[in-house]
Each structure stands twice: as structure tokens, then as C-alpha cells.
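Just below is one structure, and these are the notes that go with it.
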């Protein structure tokens, strides 16, 4: 998630010219699945990323949330 965050920041700054990406979760899902393989569907991963809530670093709790969802399938 940390690598996705860095890549997405670069995307927002350069491609979107500093504007916020309202569809960030889909972008993260595509990036992660492209790097790690098809362990779930893009739609499902996007949903989980939007649902992920916690304290501390977002990339840590989002990764934990996705792993929890995968384990409980």
C-alpha cells in the first residue's frame, strides 16, 4: 500500500496537476493487482479499500483489512 500511495501521489501531482483523485480507491486497486497478481477482483478490492478504517498509517491498516477480508472469504 505504501508503494501504491507514493505512485498515486506522483499521479495526482503530475497527471492531475495537483487535483485530488476522487476515484483513488479504484486507482489503488488497479496498481496493487497489477503488481501482486489477481488475488481478488478489482471491484472487490476497491470496495475493501474504501471501507478500510483505522488509526495510524492508512497503508498499514488498509493492508491488514484486505488481508482479513481475504482470509475470511
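Here are a few things to note about the model shown:
- Shape category assigned to the chain from the gyration tensor of Cα positions, a/c cut at 1.5: prolate
- Order of 23, 28, 65 under a 10 Å beta carbon neighbour criterion, fewest first: 23, 65, 28
- C-alpha long axis of helix 2-14 to longest principal axis of the chain, angle in °: 30 degrees
- Estimated distance in nm for a label pair at residue 73 and residue 7, the labels positioned 7 Å out from Cα along Cα-to-Cβ: 2.0 nm
- The angle separating the long axis of helix 24-36 from the principal Cα axis of greatest extent in the chain is about 70 degrees.
- Pairwise FRET efficiency - residue 17 versus residue 44, Cβ, R0 = 25 Å, nearest 0.05: 0.20
Rule-based calculations on the coordinates, nothing more; no lab input. As the structure is a computational prediction, the values presented were derived from the model and not from experiment. Here the Cβ is made from the backbone with ideal geometry for all residues, glycine too, and neighbour counts use every protein chain on show.
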